[in-house]
Amino acid sequence: MLRTAASIGNTIDTRLAALQGYPIDLYQIHHPYGGFSSIPAQVRAMAQLAKDSRIRSIGVSNFSAAQMEQASAVLATYGLTLASNQVKINALHRNIETNGVLAAANRLGVTLIAYTPLESGILTGRFHDDPQAVESLTRVRRIAGGFAKKVTQATPLVDELRAVAKAHDVSLSQVALSWLVTYYDDTVVAIPGASKPHQATQAAAAMSVQLSATERAGIADASRRSGAL
Ligand SMILES: NC(=O)c1ccc[n+]([C@@H]2O[C@H](COP(=O)([O-])OP(=O)(O)OC[C@H]3O[C@@H](n4cnc5c(N)ncnc54)[C@H](OP(=O)(O)O)[C@@H]3O)[C@@H](O)[C@H]2O)c1
(Lines give C-alpha, C1' and ligand atoms only; values in the text may rest on other atoms or scores of the structure.)
Protein backbone atom coordinates (compact mmCIF):
# COMPACT_ATOMS: atom_id res chain seq x y z
CA MET A 1 0.00 0.00 0.00
CA LEU A 2 0.99 3.64 -0.51
CA ARG A 3 3.71 2.58 -2.94
CA THR A 4 4.72 4.06 -6.25
CA ALA A 5 5.42 2.02 -9.37
CA ALA A 6 9.14 2.68 -8.78
CA SER A 7 8.98 0.97 -5.38
CA ILE A 8 8.01 -2.31 -7.10
CA GLY A 9 11.47 -2.49 -8.69
CA ASN A 10 13.23 -0.86 -5.73
CA THR A 11 12.05 -3.42 -3.15
CA ILE A 12 12.38 -6.66 -5.11
CA ASP A 13 15.96 -7.38 -3.95
CA THR A 14 14.92 -7.21 -0.29
CA ARG A 15 12.03 -9.57 -0.97
CA LEU A 16 14.15 -12.06 -2.90
CA ALA A 17 16.80 -11.96 -0.19
CA ALA A 18 14.14 -12.73 2.44
CA LEU A 19 13.09 -15.79 0.42
CA GLN A 20 16.68 -17.14 0.51
CA GLY A 21 16.68 -18.58 -2.99
CA TYR A 22 13.04 -19.63 -3.11
CA PRO A 23 11.65 -18.24 -6.37
CA ILE A 24 8.71 -15.86 -6.71
CA ASP A 25 6.33 -17.87 -8.89
CA LEU A 26 3.56 -15.29 -8.72
CA TYR A 27 3.91 -11.62 -7.79
CA GLN A 28 0.65 -9.73 -7.29
CA ILE A 29 -0.47 -6.11 -7.20
CA HIS A 30 -2.66 -6.18 -4.10
CA HIS A 31 -5.17 -3.50 -5.08
CA PRO A 32 -5.74 -1.30 -8.13
CA TYR A 33 -5.91 1.76 -5.86
CA GLY A 34 -3.24 0.66 -3.39
CA GLY A 35 -0.51 2.95 -4.72
CA PHE A 36 0.18 6.44 -5.99
CA SER A 37 0.91 5.34 -9.57
CA SER A 38 -1.45 4.44 -12.40
CA ILE A 39 -2.30 0.83 -13.18
CA PRO A 40 -0.27 0.88 -16.44
CA ALA A 41 2.77 2.27 -14.58
CA GLN A 42 2.53 -0.44 -11.91
CA VAL A 43 2.03 -3.17 -14.50
CA ARG A 44 5.01 -1.94 -16.52
CA ALA A 45 7.15 -2.17 -13.36
CA MET A 46 5.92 -5.75 -12.80
CA ALA A 47 6.61 -6.61 -16.46
CA GLN A 48 10.18 -5.41 -16.07
CA LEU A 49 10.65 -7.75 -13.10
CA ALA A 50 9.42 -10.66 -15.23
CA LYS A 51 11.63 -9.63 -18.14
CA ASP A 52 14.59 -9.54 -15.73
CA SER A 53 13.64 -13.05 -14.46
CA ARG A 54 13.11 -11.76 -10.90
CA ILE A 55 9.56 -13.13 -10.85
CA ARG A 56 7.94 -15.91 -12.86
CA SER A 57 4.43 -14.60 -13.38
CA ILE A 58 2.33 -11.53 -12.73
CA GLY A 59 -0.97 -11.33 -10.92
CA VAL A 60 -3.30 -8.63 -9.63
CA SER A 61 -5.92 -8.49 -6.92
CA ASN A 62 -9.29 -6.77 -6.57
CA PHE A 63 -9.13 -5.71 -10.23
CA SER A 64 -12.36 -5.11 -12.16
CA ALA A 65 -12.93 -6.57 -15.62
CA ALA A 66 -11.88 -3.28 -17.24
CA GLN A 67 -8.75 -3.13 -15.08
CA MET A 68 -7.89 -6.73 -16.04
CA GLU A 69 -8.20 -5.74 -19.70
CA GLN A 70 -5.99 -2.72 -19.09
CA ALA A 71 -3.31 -4.77 -17.29
CA SER A 72 -3.41 -7.49 -19.97
CA ALA A 73 -3.01 -4.92 -22.76
CA VAL A 74 0.09 -3.44 -21.09
CA LEU A 75 1.60 -6.89 -20.53
CA ALA A 76 0.94 -7.86 -24.16
CA THR A 77 3.31 -5.10 -25.26
CA TYR A 78 6.04 -7.03 -23.38
CA GLY A 79 4.93 -10.38 -24.81
CA LEU A 80 3.59 -11.30 -21.35
CA THR A 81 0.18 -12.36 -20.06
CA LEU A 82 -1.71 -11.71 -16.84
CA ALA A 83 -1.66 -14.91 -14.78
CA SER A 84 -4.26 -14.20 -12.11
CA ASN A 85 -6.68 -11.87 -10.39
CA GLN A 86 -7.29 -12.51 -6.68
CA VAL A 87 -10.87 -11.56 -5.79
CA LYS A 88 -13.49 -12.54 -3.25
CA ILE A 89 -15.45 -15.57 -4.47
CA ASN A 90 -17.41 -18.13 -2.54
CA ALA A 91 -20.80 -19.81 -2.69
CA LEU A 92 -22.35 -16.85 -0.85
CA HIS A 93 -20.56 -14.25 -2.95
CA ARG A 94 -20.75 -14.85 -6.69
CA ASN A 95 -20.36 -11.28 -8.00
CA ILE A 96 -17.81 -12.45 -10.59
CA GLU A 97 -20.69 -13.92 -12.58
CA THR A 98 -22.42 -10.56 -12.94
CA ASN A 99 -19.65 -7.93 -12.81
CA GLY A 100 -17.77 -9.18 -15.87
CA VAL A 101 -14.73 -10.52 -14.00
CA LEU A 102 -15.45 -14.18 -14.79
CA ALA A 103 -16.09 -13.41 -18.45
CA ALA A 104 -12.89 -11.34 -18.64
CA ALA A 105 -10.90 -14.13 -16.98
CA ASN A 106 -12.17 -16.66 -19.50
CA ARG A 107 -11.53 -14.29 -22.40
CA LEU A 108 -8.00 -13.41 -21.26
CA GLY A 109 -6.99 -16.82 -19.89
CA VAL A 110 -6.61 -15.43 -16.37
CA THR A 111 -6.94 -17.67 -13.30
CA LEU A 112 -9.15 -16.25 -10.55
CA ILE A 113 -7.77 -16.82 -7.05
CA ALA A 114 -10.71 -16.94 -4.64
CA TYR A 115 -10.03 -15.20 -1.34
CA THR A 116 -12.34 -15.59 1.65
CA PRO A 117 -13.61 -18.83 0.04
CA LEU A 118 -15.37 -19.90 3.24
CA GLU A 119 -16.98 -16.48 3.81
CA SER A 120 -14.81 -16.09 6.93
CA GLY A 121 -15.93 -19.45 8.30
CA ILE A 122 -19.70 -19.04 7.73
CA LEU A 123 -19.70 -21.81 5.10
CA THR A 124 -18.22 -24.27 7.59
CA GLY A 125 -21.60 -24.28 9.38
CA ARG A 126 -20.03 -23.54 12.76
CA PHE A 127 -22.05 -20.36 13.33
CA HIS A 128 -25.25 -22.25 12.54
CA ASP A 129 -24.25 -25.00 14.96
CA ASP A 130 -23.42 -22.44 17.63
CA PRO A 131 -24.93 -18.98 17.00
CA GLN A 132 -23.24 -17.66 20.19
CA ALA A 133 -19.87 -18.19 18.46
CA VAL A 134 -20.45 -14.96 16.50
CA GLU A 135 -20.09 -13.05 19.79
CA SER A 136 -16.59 -14.42 20.34
CA LEU A 137 -15.27 -13.05 17.04
CA THR A 138 -13.15 -9.93 16.99
CA ARG A 139 -15.17 -6.73 16.76
CA VAL A 140 -13.73 -5.99 13.31
CA ARG A 141 -14.75 -9.37 11.90
CA ARG A 142 -18.18 -9.27 13.56
CA ILE A 143 -19.18 -5.79 12.50
CA ALA A 144 -17.25 -5.09 9.29
CA GLY A 145 -19.16 -7.44 7.04
CA GLY A 146 -22.53 -7.54 8.87
CA PHE A 147 -21.54 -11.00 10.07
CA ALA A 148 -24.68 -12.07 11.96
CA LYS A 149 -26.89 -10.99 9.05
CA LYS A 150 -24.75 -13.00 6.63
CA VAL A 151 -25.04 -16.08 8.85
CA THR A 152 -28.84 -15.85 8.66
CA GLN A 153 -28.73 -15.20 4.92
CA ALA A 154 -26.54 -18.29 4.42
CA THR A 155 -28.99 -20.72 6.05
CA PRO A 156 -30.41 -22.34 2.85
CA LEU A 157 -26.89 -22.73 1.50
CA VAL A 158 -25.46 -24.14 4.73
CA ASP A 159 -28.37 -26.61 4.93
CA GLU A 160 -27.51 -27.82 1.41
CA LEU A 161 -23.77 -28.01 2.17
CA ARG A 162 -24.62 -30.01 5.29
CA ALA A 163 -26.70 -32.54 3.32
CA VAL A 164 -23.97 -33.04 0.71
CA ALA A 165 -21.27 -33.23 3.39
CA LYS A 166 -23.23 -35.92 5.21
CA ALA A 167 -23.58 -37.96 1.99
CA HIS A 168 -19.80 -37.84 1.44
CA ASP A 169 -18.84 -38.10 5.13
CA VAL A 170 -16.73 -34.95 4.88
CA SER A 171 -16.95 -31.47 6.42
CA LEU A 172 -19.04 -28.57 5.10
CA SER A 173 -15.87 -26.58 4.47
CA GLN A 174 -14.61 -29.34 2.18
CA VAL A 175 -17.85 -29.37 0.20
CA ALA A 176 -17.81 -25.55 -0.09
CA LEU A 177 -14.21 -25.59 -1.33
CA SER A 178 -14.73 -28.50 -3.71
CA TRP A 179 -17.76 -26.72 -5.20
CA LEU A 180 -15.81 -23.50 -5.61
CA VAL A 181 -12.87 -25.01 -7.50
CA THR A 182 -15.02 -27.15 -9.81
CA TYR A 183 -18.12 -25.02 -10.50
CA TYR A 184 -16.22 -22.59 -12.73
CA ASP A 185 -14.33 -25.35 -14.60
CA ASP A 186 -10.60 -24.55 -14.42
CA THR A 187 -10.92 -20.79 -13.92
CA VAL A 188 -11.07 -20.58 -10.12
CA VAL A 189 -8.61 -21.76 -7.48
CA ALA A 190 -9.00 -21.02 -3.77
CA ILE A 191 -6.80 -19.81 -0.90
CA PRO A 192 -8.71 -20.81 2.24
CA GLY A 193 -7.61 -19.27 5.51
CA ALA A 194 -6.82 -21.44 8.55
CA SER A 195 -5.91 -20.47 12.09
CA LYS A 196 -5.65 -24.08 13.34
CA PRO A 197 -3.78 -27.08 11.88
CA HIS A 198 -6.94 -29.18 11.43
CA GLN A 199 -8.51 -26.43 9.30
CA ALA A 200 -5.54 -26.50 6.92
CA THR A 201 -5.62 -30.32 6.82
CA GLN A 202 -9.33 -30.29 5.99
CA ALA A 203 -8.87 -27.66 3.30
CA ALA A 204 -6.10 -29.65 1.61
CA ALA A 205 -8.22 -32.83 1.68
CA ALA A 206 -11.08 -30.98 -0.07
CA MET A 207 -9.20 -31.58 -3.30
CA SER A 208 -10.21 -35.25 -3.19
CA VAL A 209 -13.93 -34.63 -2.63
CA GLN A 210 -15.75 -35.48 -5.89
CA LEU A 211 -19.13 -33.79 -6.17
CA SER A 212 -21.61 -34.99 -8.78
CA ALA A 213 -23.07 -32.57 -11.33
CA THR A 214 -26.40 -32.81 -9.48
CA GLU A 215 -24.77 -31.91 -6.18
CA ARG A 216 -22.95 -28.97 -7.74
CA ALA A 217 -26.20 -27.71 -9.27
CA GLY A 218 -28.03 -28.19 -5.93
CA ILE A 219 -25.41 -26.08 -4.13
CA ALA A 220 -25.60 -23.43 -6.86
CA ASP A 221 -29.40 -23.28 -6.45
CA ALA A 222 -29.18 -23.03 -2.66
CA SER A 223 -26.54 -20.35 -3.06
CA ARG A 224 -29.00 -18.32 -5.17
CA ARG A 225 -31.67 -18.81 -2.51
CA SER A 226 -29.17 -17.39 -0.02
CA GLY A 227 -28.82 -14.29 -2.20
CA ALA A 228 -25.39 -14.98 -3.68
CA LEU A 229 -26.53 -13.63 -7.05
N1 LIG B 1 -6.45 -9.96 -1.80
C2 LIG B 1 -7.21 -9.47 -0.83
O3 LIG B 1 -7.62 -8.31 -0.86
C4 LIG B 1 -7.64 -10.38 0.29
C5 LIG B 1 -8.68 -10.01 1.15
C6 LIG B 1 -9.07 -10.88 2.17
C7 LIG B 1 -8.41 -12.09 2.36
N8 LIG B 1 -7.37 -12.40 1.51
C9 LIG B 1 -6.64 -13.68 1.70
O10 LIG B 1 -7.53 -14.77 1.53
C11 LIG B 1 -7.10 -15.88 2.34
C12 LIG B 1 -8.27 -16.50 3.07
O13 LIG B 1 -9.22 -15.57 3.44
P14 LIG B 1 -9.95 -15.50 4.86
O15 LIG B 1 -9.10 -16.10 5.90
O16 LIG B 1 -10.42 -14.12 4.99
O17 LIG B 1 -11.27 -16.33 4.65
P18 LIG B 1 -11.86 -17.79 4.68
O19 LIG B 1 -10.96 -18.80 4.08
O20 LIG B 1 -13.20 -17.60 4.10
O21 LIG B 1 -12.04 -18.07 6.25
C22 LIG B 1 -11.01 -18.57 7.03
C23 LIG B 1 -11.53 -18.77 8.44
O24 LIG B 1 -12.58 -19.73 8.43
C25 LIG B 1 -12.47 -20.55 9.57
N26 LIG B 1 -12.26 -21.94 9.14
C27 LIG B 1 -11.44 -22.39 8.15
N28 LIG B 1 -11.51 -23.73 8.05
C29 LIG B 1 -12.41 -24.14 8.99
C30 LIG B 1 -12.91 -25.40 9.38
N31 LIG B 1 -12.52 -26.51 8.78
N32 LIG B 1 -13.81 -25.45 10.39
C33 LIG B 1 -14.23 -24.32 11.01
N34 LIG B 1 -13.78 -23.09 10.69
C35 LIG B 1 -12.88 -23.00 9.69
C36 LIG B 1 -11.30 -20.03 10.39
O37 LIG B 1 -11.82 -19.12 11.35
P38 LIG B 1 -11.18 -19.01 12.82
O39 LIG B 1 -9.82 -18.42 12.65
O40 LIG B 1 -12.13 -18.09 13.56
O41 LIG B 1 -11.16 -20.41 13.40
C42 LIG B 1 -10.47 -19.34 9.36
O43 LIG B 1 -9.65 -18.32 9.89
C44 LIG B 1 -6.00 -15.34 3.24
O45 LIG B 1 -4.77 -15.78 2.71
C46 LIG B 1 -6.11 -13.82 3.10
O47 LIG B 1 -4.86 -13.17 3.24
C48 LIG B 1 -7.00 -11.59 0.48
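What is the packing order of peptides 200-212, 146-158, taking the mean over residues of other C-beta atoms within 10 Å and listing the highest first?
On the way: 200-212: 14.8, 146-158: 17.5.
Packing proxy ranking, top to bottom: 146-158, 200-212.
Give the accessible area for Arg162 in Å² (nearest 10); use a 1.4 Å probe, count only protein heavy atoms, and leave out ligands, DNA and RNA.
Approximately 80 Å² for this residue.
May I ask you to list the GluC sites (Glu not before Pro) in region 46-121 that are in a DSSP loop and have at most 11 other Cβ atoms within 10 Å of their Cβ?
Counting only loop positions with at most 11 other Cβ atoms within 10 Å, none of the GluC sites (Glu not before Pro) in region 46-121 qualifies.
Which three extents, in angstrom, do the Cα atoms of region 1-138 have along their principal axes, listed largest first?
Principal axes ranked by extent give 52, 36, 27 Å for the Cα atoms.
State, as an integer percentage, the relative contact order of the chain based on alpha-carbon contacts under 8 Å between residues 6 or more apart.
17 percent
Using a 1.4 Å probe and counting only protein heavy atoms, arrange Thr14, Thr111 so the residue with the most accessible area comes first. Walk me through the numbers before you get to the answer.
Working: Thr14 100, Thr111 50 Å².
Ranked list, largest accessible area first: Thr14, Thr111.
Only Cα pairs within less than 10 Å get springs; with that Gaussian network setup on the chain, which residue of His198, His93, His168 has the largest fluctuation?
Its mean-square fluctuation being the largest, the pick is His198.
Once amide H atoms are placed 1.01 Å from N in the peptide plane, what residues at a sequence separation of 5 or more from Leu118, or on another chain, have their amide H within under 5 Å of its amide H?
Gly193
Within region 28-91, list the chymotrypsin sites (Phe, Trp or Tyr not before Pro) lying in a DSSP loop whose Cβ has at most 16 other Cβ atoms in a 10 Å radius.
Passing sites in region 28-91 are Tyr33, Phe36, Tyr78.
Ordering Asp186, Asp13 from largest to smallest accessible area (1.4 angstrom probe), what's the sequence? Show your work: numbers first, answer last.
Values: Asp186 145, Asp13 90 Å².
The ranking, largest first, comes out as Asp186, Asp13.
Express the carbon and sulfur contribution to the solvent-accessible surface of the chain as a percent, rounded to the nearest whole number, probe 1.4 angstrom.
Of the solvent-accessible surface of the chain, carbon and sulfur hold 54 percent.
Relative contact order, percent, of region 141-203 when contacts are C-alpha pairs under 8 Å separated by at least 6 residues?
20 percent
Among the lysines, select those whose C-alpha is under 24 Å from the C-alpha of Lys196, and discard any that sit fewer than 8 residues away in the same chain.
Lys88, Lys150, Lys166
Taking only complete DSSP H runs, can you tell me which helices of the chain stretch 30 Å or more along their own long axis by Cα positions and average at least 1.0 on the Kyte-Doolittle scale?
Passing helices, by number: none.
Contour minus end-to-end for Gln132 and Arg225, with contour as 0.36 nm per residue of separation and end-to-end as the Cα-Cα distance? Intermediate results must be reported in sequence, preceding the final value.
On the way: separation 93, 0.36 × 93 = 33.48 nm, distance 2.42 nm.
Going from the current span to full extension adds 31.1 nm.
Can you figure out the FRET efficiency of Leu2 with Asn106, using R₀ = 25 Å and their beta-carbon distance, to the nearest 0.05?
On the way: r = 33 Å, r/R0 = 1.32.
The calculated FRET efficiency here is 0.15.
Tell me the per residue accessible area of region 63-142 using a 1.4 Å probe; a whole number in Å² is fine.
44 Å²
The values are calculated or read from the model by the stated rules, or taken from the named source; none is laboratory data. Everything numeric in this text was worked out from a predicted model, so none of it was measured. Backbone-built Cβ (ideal geometry, glycine too); neighbour counts: all protein chains shown. Note: accessible area is taken over every heavy atom of the protein model, side chains too, but ligands, DNA and RNA are not part of it. Shrake-Rupley method; radii C 1.70, N 1.55, O 1.52, S 1.80 Å.
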